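Inspection log for the structure reproduced underneath, given as structure tokens.
Taken together, the values in this text are just the output of simple stated rules run on the coordinates, not laboratory data. Not measured: the values here are computed from a predicted model. Heads up, the Cβs are rebuilt from the backbone with ideal geometry, glycines too, and the neighbour counts pull from every protein chain shown.
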Amino acid sequence: MTRQIHVYIYSHQKTNKSVPLVCGLYSQKHNTTQYEVEVEEDSHLSELMGSASSMLTQYDIEEVQEHCNHLFSQQEIVCLYQRFCQLDRNAKGFISSDEFLSIPEFVMNPLSQRLLKMVDGLNFKDFVAFLSAFSTKASAHQKIELIFKVYDSDRNGKVSFKDILEVLKDLSGSYMSDEQREEVLGQVLKEAGYSKDCYLTLDDFTKVLGHSGVKMDVEVPVD
């Protein structure tokens with residue numbers, strides 16, 4: 001059985017262009033951005049604990065669950081541990097950028113290089129904490145905080161007009177011209193009370209997303 005965590009973000013601008021303001025796989029046809037995380041799982045937690053997750057104790061599971069603010073169930077944590085072990089080919093205890101690039105969906109992501117800076121060298125606890133932003137229990141603020149980190153590539157706690165344009169270019173590709181991106185982004189900032197010269201903090205960024213009418217839905221279908 002495979003569990004796929006889908007994150008869809010819809011932009012409701014008063015323009016003819018849909019602006020992908022967040023990270024993920026951008027779909028021109030549906031004007032949505034999608035990010036997927038696959039978790040392989042069996043029927044029973046006890047079976048999982050007795051196989052690939054034999055090195056993960058109940059104490060470990062509870063500790064990881066605490067680390068991700070209980071946004072994943074214990075069964076989900078065990079499933080994620082299985083996936084982590086598959087990626088950590090040399091059992092180093094962390095996942096390297098090369099190992100992340102072995103995931104086809106990750107390589108296809110237009111923001112893969114930016115995401116690599118965030119995930120390279122993650123141990124299991126931090127791996128789960130990173131993915132927790134895509135949990136159905138995660139708050140909108142937690143999701144926006146992750147999105148902000150994607151834009152804040154130099155990790156200075158601020159995002160410029162240029163930073164956002166670079167991400168939008170990666171996401172929209174040839175679907176939008178440079179002029180269209182600048183025009184739409186300028187309008188989005190203006191509606192939120194900011195200019196192109198502003199540097200946005202996380203609070204400012206949250207305000208901009210609120211004014212742009214971005215809707216974030218998370219679905220976890222189980223086959």
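Karplus-derived 3J(HN,Hα) values for the range 88-95, using 6.51 cos²θ - 1.76 cosθ + 1.60 with θ = phi - 60°, are 7, 4, 9, 6, 7, x, 8, 10 Hz; glycine and proline are entered as x.
Phi angles of the range 60-75 translate, via the Karplus equation with coefficients 6.51, -1.76, 1.60 and θ = phi - 60°, into HN-Hα couplings of 4, 4, 5, 5, 5, 4, 5, 5, 9, 6, 6, 7, 10, 6, 5, 5 Hz per residue; Gly and Pro are given as x. Shape class of the range 115-156 from the Cα gyration tensor (axes a ≥ b ≥ c, square roots of the eigenvalues): oblate, since a/c reaches 1.5 or more and a/b does not exceed b/c. For the range 113-123, 3J(HN,Hα) computed residue by residue from phi via the Karplus equation (6.51, -1.76, 1.60; θ = phi - 60°) reads 5, 6, 5, 4, 5, 8, 10, 4, x, 6, 7 Hz, glycine and proline entered as x. Could you compute the FRET efficiency for SER73 and GLU105, with r as their C-beta to C-beta distance and R0 at 22 Å, rounded to 0.05? Taking R0 as 22 Å, the efficiency between SER73 and GLU105 is 0.45. If you take the alpha carbon atoms of the range 130-194 and fit the smallest convex hull around them, that volume is 114 Å³ per residue. Remark on the range 55-111: Rg and Dmax equal 13.0, 38 Å (Cα only). With the Kirkwood sum run over all distinct C-alpha pairs, the range 156-202 has a hydrodynamic radius of 11.0 Å. Available extension along the chain between GLN187 and GLN58 is 41.3 nm, counting 0.36 nm per residue and deducting the alpha carbon span.
By its C-alpha gyration tensor, with a ≥ b ≥ c as the square roots of the eigenvalues, how is the range 74-163 shaped: rounded for a/c under 1.5, else prolate for a/b larger than b/c, else oblate? Cα axes put the range 74-163 in the oblate bin. Using the Cβ-Cβ distance between TYR199 and ARG89 with R0 set to 45 Å, the FRET efficiency works out to roughly 0.65.
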